[in-house]
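Take a look at this one; I'll ask things after.
The values are calculated or read from the model by the stated rules, or taken from the named source; none is laboratory data. None of these values were measured; they are calculated from a predicted model. Here the Cβ positions follow ideal geometry from the backbone for every residue, glycine too, while neighbour counts run over all protein chains shown.
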Amino acid sequence: MSTEIKVPTLPESIADALVVTWRKAPGDAVKRDEVLVEIETDKVVLEVPAEKDGVMGQIIEGEGTTVTAHQVIGMIEEGSGAAAAAASTAPAASAPTAGGGSGENVDVKVPTLPESIADALVVKWHKAEGDAVARDEIIVDIETDKVVLEVPAATAGVLASIVEAEGTTVAAHQVIGVIAEGASATASQAVANADSAVSSASSAEAGGQTSPSVRKALAEHGLTADQVVGSGKNGRISKEDVEKAAASGVGGKVAAAGAVGIAAGAAAGVAAASASGGSAASSSGAMEALPMGDRTERRVPMTRLRKRIAERLLEASQTTAMLTTFNEVNMQGFIDFRSQYKDMFEKTHGVKLGFMSIFIKAATEALKRYPDINASIDGDDIVYHGFCDVGVAVSSERGLVVPVLRNTENMSLADMEKGIAEYAAKARDGKLGLDEMTGGTFTVSNGGVFGSMMSTPILNPPQSAILGMHATQPRPIALNGEVVIRPMMYIALSYDHRIVDGKGAVGFLKTIKEIVEEPARVVFDL
(Lines give C-alpha, C1' and ligand atoms only; values in the text may rest on other atoms or scores of the structure.)
Protein backbone atom coordinates (compact mmCIF):
# COMPACT_ATOMS: atom_id res chain seq x y z
CA MET A 1 0.00 0.00 0.00
CA SER A 2 1.35 3.44 -0.95
CA THR A 3 1.35 6.48 1.34
CA GLU A 4 1.36 9.97 -0.14
CA ILE A 5 3.93 12.56 0.91
CA LYS A 6 2.16 15.92 0.92
CA VAL A 7 3.14 19.55 1.32
CA PRO A 8 2.06 20.70 4.81
CA THR A 9 -0.45 23.47 5.42
CA LEU A 10 1.13 26.81 4.52
CA PRO A 11 0.58 30.12 6.38
CA GLU A 12 -2.42 32.08 5.16
CA SER A 13 -0.22 34.73 3.53
CA ILE A 14 1.85 32.15 1.58
CA ALA A 15 0.49 30.82 -1.72
CA ASP A 16 3.21 28.30 -2.57
CA ALA A 17 6.60 26.95 -1.59
CA LEU A 18 9.77 25.49 -3.11
CA VAL A 19 11.04 21.90 -2.84
CA VAL A 20 14.63 22.51 -1.70
CA THR A 21 16.21 19.15 -0.77
CA TRP A 22 15.12 15.54 -0.91
CA ARG A 23 16.99 13.64 1.81
CA LYS A 24 15.92 10.27 0.47
CA ALA A 25 16.18 8.73 -2.99
CA PRO A 26 13.82 6.11 -4.46
CA GLY A 27 14.68 2.77 -2.88
CA ASP A 28 15.99 4.17 0.40
CA ALA A 29 14.53 2.75 3.59
CA VAL A 30 12.63 5.31 5.67
CA LYS A 31 11.45 5.30 9.27
CA ARG A 32 8.40 6.93 10.75
CA ASP A 33 9.04 10.63 11.65
CA GLU A 34 12.31 10.65 9.68
CA VAL A 35 12.68 13.87 7.66
CA LEU A 36 12.25 13.13 3.95
CA VAL A 37 12.24 16.52 2.27
CA GLU A 38 12.80 20.21 3.01
CA ILE A 39 10.35 22.76 1.62
CA GLU A 40 11.04 26.49 1.80
CA THR A 41 8.57 29.38 1.94
CA ASP A 42 9.19 33.09 2.30
CA LYS A 43 8.89 32.64 6.05
CA VAL A 44 10.33 29.30 7.08
CA VAL A 45 11.97 26.06 5.95
CA LEU A 46 9.61 23.14 6.57
CA GLU A 47 10.89 19.63 7.28
CA VAL A 48 8.40 17.00 6.09
CA PRO A 49 8.63 13.72 8.05
CA ALA A 50 7.59 10.22 7.02
CA GLU A 51 4.19 9.12 8.28
CA LYS A 52 5.17 5.44 8.39
CA ASP A 53 8.03 3.00 7.99
CA GLY A 54 8.72 1.76 4.49
CA VAL A 55 10.69 2.50 1.35
CA MET A 56 11.02 5.78 -0.51
CA GLY A 57 9.05 5.34 -3.69
CA GLN A 58 8.42 7.79 -6.50
CA ILE A 59 9.55 11.41 -6.17
CA ILE A 60 6.79 13.29 -7.98
CA GLU A 61 8.08 16.84 -7.51
CA GLY A 62 11.85 17.22 -7.79
CA GLU A 63 14.11 19.78 -6.18
CA GLY A 64 13.47 23.32 -7.43
CA THR A 65 9.76 22.68 -8.09
CA THR A 66 7.16 25.17 -6.88
CA VAL A 67 4.37 23.43 -4.97
CA THR A 68 1.17 24.34 -3.13
CA ALA A 69 -0.33 23.31 0.20
CA HIS A 70 -1.36 19.64 0.43
CA GLN A 71 0.07 18.84 -3.01
CA VAL A 72 1.36 15.26 -3.36
CA ILE A 73 5.13 15.40 -3.93
CA GLY A 74 6.20 11.80 -3.39
CA MET A 75 5.24 8.31 -2.25
CA ILE A 76 6.24 5.87 0.47
CA GLU A 77 5.90 2.19 -0.40
CA GLU A 78 5.60 -0.84 1.86
CA GLY A 79 8.71 -2.98 2.17
CA SER A 80 12.26 -2.73 3.41
CA GLY A 81 14.43 -2.67 0.29
CA ALA A 82 14.99 -1.04 -3.05
CA ALA A 83 12.87 -3.60 -4.89
CA ALA A 84 9.60 -2.16 -3.64
CA ALA A 85 10.51 1.33 -4.74
CA ALA A 86 11.84 0.11 -8.06
CA ALA A 87 8.57 -1.64 -8.72
CA SER A 88 6.61 1.47 -7.83
CA THR A 89 8.65 3.73 -10.08
CA ALA A 90 9.01 1.37 -13.03
CA PRO A 91 5.94 2.58 -14.92
CA ALA A 92 7.12 6.16 -14.61
CA ALA A 93 10.54 5.29 -16.04
CA SER A 94 9.25 3.48 -19.10
CA ALA A 95 9.15 5.44 -22.36
CA PRO A 96 6.51 4.96 -25.02
CA THR A 97 7.50 3.02 -28.08
CA ALA A 98 6.71 3.80 -31.68
CA GLY A 99 3.01 3.40 -32.26
CA GLY A 100 2.73 1.43 -29.04
CA GLY A 101 2.16 1.96 -25.34
CA SER A 102 -0.64 1.11 -23.01
CA GLY A 103 -3.15 3.19 -24.94
CA GLU A 104 -4.78 4.34 -21.70
CA ASN A 105 -6.08 7.89 -21.42
CA VAL A 106 -4.70 10.01 -18.59
CA ASP A 107 -6.59 13.13 -17.52
CA VAL A 108 -4.83 16.48 -17.27
CA LYS A 109 -6.33 18.10 -14.17
CA VAL A 110 -6.18 21.46 -12.46
CA PRO A 111 -3.93 21.15 -9.37
CA THR A 112 -5.14 21.72 -5.83
CA LEU A 113 -5.76 25.44 -5.37
CA PRO A 114 -4.98 27.40 -2.19
CA GLU A 115 -7.79 27.26 0.34
CA SER A 116 -8.98 30.82 -0.28
CA ILE A 117 -9.00 30.46 -4.09
CA ALA A 118 -12.21 29.22 -5.71
CA ASP A 119 -11.14 29.08 -9.36
CA ALA A 120 -8.34 29.77 -11.84
CA LEU A 121 -7.81 30.73 -15.48
CA VAL A 122 -6.28 28.62 -18.25
CA VAL A 123 -3.62 31.03 -19.52
CA LYS A 124 -1.54 29.11 -22.08
CA TRP A 125 -1.36 25.64 -23.58
CA HIS A 126 2.27 24.79 -24.45
CA LYS A 127 1.15 21.82 -26.56
CA ALA A 128 -1.43 21.43 -29.31
CA GLU A 129 -3.66 18.40 -29.84
CA GLY A 130 -1.61 15.62 -31.42
CA ASP A 131 1.74 16.85 -30.03
CA ALA A 132 3.99 14.36 -28.29
CA VAL A 133 4.67 15.05 -24.60
CA ALA A 134 7.26 13.72 -22.20
CA ARG A 135 6.55 12.88 -18.59
CA ASP A 136 6.93 15.96 -16.33
CA GLU A 137 7.01 18.31 -19.35
CA ILE A 138 5.01 21.50 -18.71
CA ILE A 139 1.95 21.41 -20.96
CA VAL A 140 -0.30 24.19 -19.62
CA ASP A 141 -0.14 27.29 -17.41
CA ILE A 142 -3.01 28.07 -15.04
CA GLU A 143 -3.24 31.40 -13.25
CA THR A 144 -4.87 32.21 -9.92
CA ASP A 145 -4.99 35.59 -8.22
CA LYS A 146 -1.97 34.44 -6.22
CA VAL A 147 0.33 32.54 -8.55
CA VAL A 148 0.74 30.98 -12.00
CA LEU A 149 0.72 27.18 -11.74
CA GLU A 150 2.61 25.10 -14.30
CA VAL A 151 0.90 21.78 -14.93
CA PRO A 152 3.22 18.95 -15.99
CA ALA A 153 2.33 15.83 -17.93
CA ALA A 154 1.67 12.89 -15.62
CA THR A 155 2.83 10.44 -18.31
CA ALA A 156 4.55 10.31 -21.68
CA GLY A 157 2.34 10.10 -24.75
CA VAL A 158 0.32 12.40 -26.98
CA LEU A 159 -1.97 15.27 -26.05
CA ALA A 160 -5.16 13.70 -27.36
CA SER A 161 -7.56 16.55 -26.59
CA ILE A 162 -7.78 19.97 -25.00
CA VAL A 163 -10.99 20.05 -23.00
CA GLU A 164 -10.72 23.61 -21.67
CA ALA A 165 -9.24 26.23 -24.00
CA GLU A 166 -7.15 29.26 -23.08
CA GLY A 167 -9.16 31.92 -21.27
CA THR A 168 -11.49 29.41 -19.62
CA THR A 169 -12.21 29.65 -15.90
CA VAL A 170 -11.70 26.29 -14.19
CA ALA A 171 -11.93 24.79 -10.70
CA ALA A 172 -9.56 22.63 -8.66
CA HIS A 173 -9.15 19.05 -9.98
CA GLN A 174 -11.24 19.82 -13.07
CA VAL A 175 -10.24 17.84 -16.20
CA ILE A 176 -8.86 20.26 -18.78
CA GLY A 177 -7.20 17.85 -21.20
CA VAL A 178 -6.44 14.21 -22.00
CA ILE A 179 -3.13 12.48 -22.74
CA ALA A 180 -3.17 9.22 -24.70
CA GLU A 181 -0.44 7.28 -22.94
CA GLY A 182 2.15 5.96 -25.39
CA ALA A 183 -0.14 6.56 -28.42
CA SER A 184 1.73 7.71 -31.53
CA ALA A 185 4.71 9.27 -29.78
CA THR A 186 7.89 7.63 -30.96
CA ALA A 187 10.77 6.83 -28.64
CA SER A 188 12.92 9.45 -30.33
CA GLN A 189 10.23 12.07 -29.90
CA ALA A 190 9.87 11.20 -26.21
CA VAL A 191 13.62 11.43 -25.69
CA ALA A 192 13.73 14.80 -27.49
CA ASN A 193 10.85 16.07 -25.42
CA ALA A 194 12.48 14.81 -22.23
CA ASP A 195 15.69 16.62 -23.14
CA SER A 196 13.64 19.74 -23.82
CA ALA A 197 11.93 19.39 -20.45
CA VAL A 198 15.28 19.04 -18.68
CA SER A 199 16.57 22.10 -20.53
CA SER A 200 13.46 24.06 -19.60
CA ALA A 201 13.82 22.99 -15.98
CA SER A 202 17.45 24.09 -15.94
CA SER A 203 16.45 27.41 -17.47
CA ALA A 204 13.70 27.83 -14.91
CA GLU A 205 16.19 27.03 -12.16
CA ALA A 206 18.40 29.83 -13.35
CA GLY A 207 15.59 32.24 -14.07
CA GLY A 208 13.21 31.92 -11.17
CA GLN A 209 12.96 28.51 -9.46
CA THR A 210 15.24 29.76 -6.73
CA SER A 211 14.48 29.79 -3.04
CA PRO A 212 12.62 32.78 -1.57
CA SER A 213 15.75 33.84 0.35
CA VAL A 214 17.77 33.85 -2.88
CA ARG A 215 15.06 35.79 -4.75
CA LYS A 216 15.06 38.32 -1.95
CA ALA A 217 18.88 38.67 -2.10
CA LEU A 218 18.77 39.06 -5.89
CA ALA A 219 16.19 41.85 -5.57
CA GLU A 220 18.18 43.61 -2.86
CA HIS A 221 21.31 43.69 -5.02
CA GLY A 222 19.51 44.45 -8.29
CA LEU A 223 20.68 41.20 -9.88
CA THR A 224 19.06 38.52 -12.01
CA ALA A 225 19.71 34.79 -11.67
CA ASP A 226 21.49 34.82 -15.03
CA GLN A 227 24.16 37.11 -13.57
CA VAL A 228 25.05 34.71 -10.74
CA VAL A 229 27.06 31.48 -10.98
CA GLY A 230 25.47 28.83 -8.75
CA SER A 231 27.72 26.62 -6.63
CA GLY A 232 25.06 24.18 -5.49
CA LYS A 233 23.68 20.96 -6.89
CA ASN A 234 22.85 21.25 -10.62
CA GLY A 235 24.09 24.83 -10.51
CA ARG A 236 21.56 25.89 -7.85
CA ILE A 237 22.14 29.43 -6.64
CA SER A 238 22.64 30.05 -2.93
CA LYS A 239 22.39 33.30 -1.02
CA GLU A 240 26.19 33.23 -0.64
CA ASP A 241 26.55 33.06 -4.44
CA VAL A 242 24.45 36.22 -4.72
CA GLU A 243 26.56 38.00 -2.10
CA LYS A 244 29.76 37.05 -3.93
CA ALA A 245 28.38 38.30 -7.24
CA ALA A 246 27.32 41.58 -5.64
CA ALA A 247 30.73 41.99 -3.98
CA SER A 248 32.47 41.51 -7.33
CA GLY A 249 30.61 44.52 -8.74
CA VAL A 250 27.92 42.72 -10.75
CA GLY A 251 24.73 44.77 -10.92
CA GLY A 252 26.23 48.28 -10.61
CA LYS A 253 23.69 51.06 -10.91
CA VAL A 254 20.89 48.61 -11.36
CA ALA A 255 21.20 47.63 -7.71
CA ALA A 256 21.21 51.24 -6.65
CA ALA A 257 18.18 52.02 -8.81
CA GLY A 258 16.27 49.19 -7.16
CA ALA A 259 17.00 50.49 -3.68
CA VAL A 260 14.07 52.94 -3.71
CA GLY A 261 11.56 50.13 -4.26
CA ILE A 262 13.28 48.03 -1.60
CA ALA A 263 13.21 50.86 0.93
CA ALA A 264 9.52 51.43 0.29
CA GLY A 265 8.83 47.73 0.70
CA ALA A 266 10.70 47.61 4.02
CA ALA A 267 8.78 50.58 5.39
CA ALA A 268 5.44 49.17 4.26
CA GLY A 269 6.37 45.77 5.64
CA VAL A 270 6.29 46.97 9.24
CA ALA A 271 2.70 48.17 8.90
CA ALA A 272 1.59 45.24 6.77
CA ALA A 273 3.16 42.39 8.70
CA SER A 274 0.28 42.04 11.13
CA ALA A 275 -2.22 42.21 8.27
CA SER A 276 -0.41 39.49 6.35
CA GLY A 277 -0.45 37.18 9.34
CA GLY A 278 3.31 36.92 9.24
CA SER A 279 6.25 38.12 7.21
CA ALA A 280 7.23 41.41 5.68
CA ALA A 281 10.05 39.55 4.04
CA SER A 282 9.93 41.21 0.68
CA SER A 283 12.49 43.89 1.38
CA SER A 284 14.83 44.20 4.32
CA GLY A 285 18.56 44.47 4.76
CA ALA A 286 21.27 46.84 3.62
CA MET A 287 20.20 49.32 0.93
CA GLU A 288 22.20 51.66 -1.26
CA ALA A 289 21.11 55.24 -1.87
CA LEU A 290 19.77 56.04 -5.32
CA PRO A 291 22.20 58.40 -7.12
CA MET A 292 20.32 61.61 -7.73
CA GLY A 293 20.39 63.34 -11.09
CA ASP A 294 20.49 60.17 -13.21
CA ARG A 295 16.66 60.00 -13.32
CA THR A 296 16.93 56.22 -13.21
CA GLU A 297 13.91 54.00 -12.72
CA ARG A 298 13.51 50.30 -12.29
CA ARG A 299 10.30 48.33 -12.70
CA VAL A 300 10.10 45.01 -10.88
CA PRO A 301 7.12 42.69 -10.50
CA MET A 302 5.56 42.43 -7.06
CA THR A 303 6.55 39.32 -5.15
CA ARG A 304 3.83 36.81 -4.35
CA LEU A 305 4.10 37.76 -0.69
CA ARG A 306 3.78 41.48 -1.44
CA LYS A 307 0.68 40.74 -3.55
CA ARG A 308 -0.79 38.74 -0.69
CA ILE A 309 -0.03 41.52 1.78
CA ALA A 310 -1.79 43.96 -0.55
CA GLU A 311 -4.80 41.63 -0.69
CA ARG A 312 -4.89 41.30 3.11
CA LEU A 313 -4.66 45.06 3.56
CA LEU A 314 -7.63 45.54 1.25
CA GLU A 315 -9.51 42.66 2.84
CA ALA A 316 -9.06 44.11 6.32
CA SER A 317 -10.15 47.59 5.23
CA GLN A 318 -13.08 46.42 3.09
CA THR A 319 -14.55 43.64 5.23
CA THR A 320 -14.22 45.15 8.73
CA ALA A 321 -15.51 48.34 10.32
CA MET A 322 -12.02 49.30 11.47
CA LEU A 323 -11.47 52.17 13.86
CA THR A 324 -8.42 53.23 15.90
CA THR A 325 -8.29 54.83 19.34
CA PHE A 326 -5.20 56.21 21.08
CA ASN A 327 -3.77 56.82 24.50
CA GLU A 328 -0.36 57.63 25.95
CA VAL A 329 1.63 55.90 28.66
CA ASN A 330 4.05 57.45 31.12
CA MET A 331 6.82 54.84 31.01
CA GLN A 332 8.67 56.22 34.04
CA GLY A 333 6.97 53.80 36.45
CA PHE A 334 7.96 50.72 34.51
CA ILE A 335 11.44 52.06 33.73
CA ASP A 336 12.06 52.55 37.48
CA PHE A 337 10.59 49.13 38.23
CA ARG A 338 12.78 47.54 35.55
CA SER A 339 15.93 49.31 36.76
CA GLN A 340 15.33 48.08 40.29
CA TYR A 341 14.74 44.42 39.44
CA LYS A 342 16.36 43.77 36.04
CA ASP A 343 19.60 42.29 37.41
CA MET A 344 17.79 40.06 39.90
CA PHE A 345 15.28 39.09 37.20
CA GLU A 346 18.00 38.08 34.75
CA LYS A 347 19.96 36.16 37.40
CA THR A 348 16.85 34.27 38.53
CA HIS A 349 15.25 33.54 35.17
CA GLY A 350 18.19 33.66 32.75
CA VAL A 351 16.51 36.19 30.49
CA LYS A 352 16.41 39.99 30.34
CA LEU A 353 13.34 41.99 31.34
CA GLY A 354 12.15 44.02 28.35
CA PHE A 355 9.18 46.22 27.45
CA MET A 356 7.22 43.64 25.44
CA SER A 357 6.41 41.35 28.35
CA ILE A 358 4.73 44.06 30.46
CA PHE A 359 2.60 45.14 27.50
CA ILE A 360 1.61 41.53 26.72
CA LYS A 361 0.81 40.99 30.39
CA ALA A 362 -1.23 44.19 30.49
CA ALA A 363 -3.02 43.29 27.24
CA THR A 364 -3.86 39.85 28.62
CA GLU A 365 -5.38 41.35 31.75
CA ALA A 366 -7.34 43.79 29.60
CA LEU A 367 -8.58 40.95 27.36
CA LYS A 368 -10.01 39.24 30.45
CA ARG A 369 -11.95 42.39 31.32
CA TYR A 370 -13.08 43.09 27.76
CA PRO A 371 -13.89 39.68 26.18
CA ASP A 372 -15.30 41.27 23.00
CA ILE A 373 -11.76 42.30 22.04
CA ASN A 374 -10.62 38.68 22.40
CA ALA A 375 -13.52 37.42 20.26
CA SER A 376 -13.96 36.99 16.50
CA ILE A 377 -16.80 36.99 14.00
CA ASP A 378 -17.60 33.76 12.15
CA GLY A 379 -20.46 34.32 9.72
CA ASP A 380 -23.42 35.46 11.82
CA ASP A 381 -21.86 34.19 15.06
CA ILE A 382 -19.49 35.77 17.57
CA VAL A 383 -16.88 33.33 18.88
CA TYR A 384 -15.66 34.16 22.39
CA HIS A 385 -12.28 32.61 23.19
CA GLY A 386 -11.66 31.33 26.71
CA PHE A 387 -7.92 31.74 26.26
CA CYS A 388 -5.48 34.45 25.20
CA ASP A 389 -3.15 33.55 22.30
CA VAL A 390 -1.14 36.69 21.59
CA GLY A 391 0.82 37.16 18.37
CA VAL A 392 4.13 39.01 18.85
CA ALA A 393 6.09 40.64 16.03
CA VAL A 394 9.67 39.33 15.81
CA SER A 395 12.31 40.61 13.40
CA SER A 396 14.18 38.04 11.29
CA GLU A 397 16.40 37.91 8.23
CA ARG A 398 13.34 37.01 6.16
CA GLY A 399 11.47 40.01 7.49
CA LEU A 400 8.87 40.43 10.21
CA VAL A 401 7.14 37.28 11.43
CA VAL A 402 4.40 36.96 14.04
CA PRO A 403 4.71 33.83 16.20
CA VAL A 404 2.03 33.27 18.83
CA LEU A 405 2.42 32.96 22.59
CA ARG A 406 -0.23 30.47 23.69
CA ASN A 407 -2.31 30.87 26.87
CA THR A 408 -0.69 34.08 28.04
CA GLU A 409 -3.28 34.21 30.84
CA ASN A 410 -1.22 31.48 32.53
CA MET A 411 2.21 33.03 31.83
CA SER A 412 4.42 35.15 34.07
CA LEU A 413 6.60 38.01 32.82
CA ALA A 414 9.53 35.57 32.85
CA ASP A 415 7.58 33.00 30.80
CA MET A 416 6.75 35.68 28.24
CA GLU A 417 10.33 36.94 27.98
CA LYS A 418 11.59 33.37 27.55
CA GLY A 419 9.00 32.72 24.87
CA ILE A 420 9.90 35.91 22.99
CA ALA A 421 13.64 35.12 23.23
CA GLU A 422 13.06 31.58 21.95
CA TYR A 423 11.01 32.84 19.02
CA ALA A 424 13.65 35.47 18.20
CA ALA A 425 16.36 32.78 18.10
CA LYS A 426 14.22 30.51 15.91
CA ALA A 427 13.43 33.42 13.60
CA ARG A 428 17.14 34.17 13.13
CA ASP A 429 17.81 30.51 12.31
CA GLY A 430 14.75 30.16 10.07
CA LYS A 431 13.34 27.40 12.30
CA LEU A 432 9.94 28.78 13.22
CA GLY A 433 7.27 26.14 12.61
CA LEU A 434 3.90 26.79 11.00
CA ASP A 435 2.09 25.85 14.19
CA GLU A 436 4.03 28.61 15.96
CA MET A 437 2.87 31.26 13.48
CA THR A 438 -0.79 30.35 13.00
CA GLY A 439 -3.83 31.17 15.08
CA GLY A 440 -3.87 33.90 17.66
CA THR A 441 -6.75 35.80 19.23
CA PHE A 442 -4.96 39.17 19.53
CA THR A 443 -1.77 40.77 18.18
CA VAL A 444 0.83 43.17 19.59
CA SER A 445 2.90 45.11 17.05
CA ASN A 446 5.87 47.18 18.24
CA GLY A 447 6.66 49.76 15.58
CA GLY A 448 8.63 51.69 18.18
CA VAL A 449 11.73 49.58 17.59
CA PHE A 450 11.84 51.12 14.11
CA GLY A 451 11.33 54.65 15.45
CA SER A 452 7.60 54.95 14.77
CA MET A 453 5.95 57.71 16.83
CA MET A 454 2.35 57.08 15.83
CA SER A 455 0.51 54.64 13.58
CA THR A 456 -2.87 52.98 13.02
CA PRO A 457 -2.09 49.25 12.93
CA ILE A 458 -4.20 47.14 10.59
CA LEU A 459 -6.33 44.26 11.81
CA ASN A 460 -5.31 40.67 11.24
CA PRO A 461 -8.69 39.01 10.46
CA PRO A 462 -10.44 37.17 11.98
CA GLN A 463 -8.99 38.86 15.07
CA SER A 464 -11.04 41.80 16.31
CA ALA A 465 -8.21 44.06 17.51
CA ILE A 466 -4.48 44.79 17.41
CA LEU A 467 -2.34 46.84 19.80
CA GLY A 468 0.33 49.12 18.38
CA MET A 469 3.30 50.19 20.55
CA HIS A 470 5.49 53.11 19.55
CA ALA A 471 8.78 54.79 20.39
CA THR A 472 9.35 56.12 23.90
CA GLN A 473 10.30 59.81 23.78
CA PRO A 474 10.81 62.43 26.53
CA ARG A 475 7.90 64.89 26.38
CA PRO A 476 6.55 67.62 28.64
CA ILE A 477 3.40 66.62 30.54
CA ALA A 478 1.31 68.12 33.33
CA LEU A 479 1.85 66.10 36.53
CA ASN A 480 0.47 67.18 39.92
CA GLY A 481 -0.01 70.71 38.65
CA GLU A 482 3.52 71.02 37.27
CA VAL A 483 5.00 70.68 33.80
CA VAL A 484 7.63 67.92 33.87
CA ILE A 485 9.56 65.88 31.30
CA ARG A 486 8.71 62.18 31.26
CA PRO A 487 9.40 59.24 28.89
CA MET A 488 6.10 58.90 27.03
CA MET A 489 4.78 56.32 24.59
CA TYR A 490 1.73 56.58 22.36
CA ILE A 491 -0.27 53.36 22.12
CA ALA A 492 -2.98 52.60 19.56
CA LEU A 493 -5.76 50.04 19.41
CA SER A 494 -7.31 49.28 16.03
CA TYR A 495 -10.53 47.33 16.41
CA ASP A 496 -13.50 45.99 14.45
CA HIS A 497 -16.42 48.24 15.38
CA ARG A 498 -18.88 45.52 14.36
CA ILE A 499 -18.02 43.62 17.53
CA VAL A 500 -16.12 46.07 19.74
CA ASP A 501 -17.80 49.25 21.01
CA GLY A 502 -15.86 52.47 21.47
CA LYS A 503 -16.38 52.37 25.23
CA GLY A 504 -14.77 48.95 25.45
CA ALA A 505 -11.84 49.97 23.23
CA VAL A 506 -11.11 53.07 25.32
CA GLY A 507 -11.42 51.05 28.55
CA PHE A 508 -9.08 48.41 27.14
CA LEU A 509 -6.34 50.98 26.42
CA LYS A 510 -6.89 52.63 29.80
CA THR A 511 -6.34 49.28 31.51
CA ILE A 512 -3.06 48.78 29.66
CA LYS A 513 -1.98 52.33 30.57
CA GLU A 514 -2.70 51.78 34.29
CA ILE A 515 -0.85 48.46 34.49
CA VAL A 516 2.25 49.65 32.63
CA GLU A 517 2.44 52.87 34.61
CA GLU A 518 2.03 50.96 37.90
CA PRO A 519 3.52 47.46 37.46
CA ALA A 520 2.68 46.64 41.10
CA ARG A 521 -0.91 46.15 39.89
CA VAL A 522 0.23 42.91 38.24
CA VAL A 523 1.97 41.75 41.42
CA PHE A 524 -1.05 42.43 43.62
CA ASP A 525 -3.62 41.41 40.99
CA LEU A 526 -5.26 44.84 40.94
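Per-residue answers, yes or no, for (1) modelled with pLDDT of 85 or more; (2) outside the structural domain of Ser395 (by TED's automatic domain parsing); (3) of a type outside the set (D, E, K, R):
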| residue | (1), (2), (3) |
| --- | --- |
| Thr9 | no, yes, yes |
| Ile14 | no, yes, yes |
| Trp22 | yes, yes, yes |
| Lys31 | yes, yes, no |
| Glu34 | yes, yes, no |
| Met56 | yes, yes, yes |
| Gln71 | yes, yes, yes |
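For the stretch 145-258, which strands (runs of 3 or more DSSP E) that fit wholly inside it have 3 or more residues that are of a type outside the set (D, E, K, R), surrounded by 21 or more Cβ atoms within 10 Å (Cβ to Cβ) and at pLDDT 80 or above? Before the answer, list the steps.
Details: elements: 148-152, 157-162, 175-181.
Result: 157-162, 175-181.
Now, a different point. Just one of (1) surrounded by 14 or more Cβ atoms within 10 Å (Cβ to Cβ); (2) assigned to a loop (DSSP other than H, G, I, E, B) trips up Phe387, so point out which.
Failed condition: (1).
Among the residues of the stretch 6-59 satisfying the criterion of being among the small types (Gly, Ala, Ser) and part of a strand (DSSP E or B), which is nearest to Gly79 (Cα to Cα)?
Narrowing the stretch 6-59 to residues among the small types (Gly, Ala, Ser): 13, 15, 17, 25, 27, 29, 50, 54, 57.
Right, trim to part of a strand (DSSP E or B) and you get 17, 29, 54, 57.
Values: Ala17: 30, Ala29: 8, Gly54: 5, Gly57: 10 Å.
Only one residue tops the list, namely Gly54.
If you take the residues in the stretch 439-453 that are among the polar types (S, T, N, Q) and closer than 11 Å to Asp389 by Cα, which one is nearest to the chain's Cα centre (by Cα)?
Thr443
When the residues of the stretch 474-484 are narrowed to those that are among the β-branched types (Val, Ile, Thr) and over 43 Å from the mean Cα position of the chain (by Cα), which ends up nearest to Gly447 (Cα to Cα)? So that I can check it myself, show each step before the final result.
Looking only at the stretch 474-484, we keep the residues that are among the β-branched types (Val, Ile, Thr), and these are 477, 483-484.
From what is left, the residues that are over 43 Å from the mean Cα position of the chain (by Cα) are 483-484.
On the way: Val483: 28, Val484: 26 Å.
Here the residue is Val484.
Considering only residues that are buried (at least 20 other Cβ atoms within 10 Å of the Cβ) and without any contact (Cβ under 8 Å) to a residue 60 or more places away in the chain, look in the stretch 1-21 and name the one that is farthest from Met437 (Cα to Cα).
Going through the qualifying residues, I end up with Val19.
Condition check ((1) surrounded by 20 or more Cβ atoms within 10 Å (Cβ to Cβ); (2) assigned to a strand (DSSP E or B); (3) of a type outside the set (A, V, I, L, M, F, W, C); (4) modelled with pLDDT of 95 or more) across all residues:
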site	(1), (2), (3), (4)
Gly448	no, no, yes, no
Met454	no, no, no, no
Pro457	yes, no, yes, no
Asn460	yes, no, yes, no
Ile466	yes, yes, no, yes
Pro476	no, yes, yes, yes
Val483	no, yes, no, yes
Arg486	no, yes, yes, yes
Met489	yes, yes, no, yes
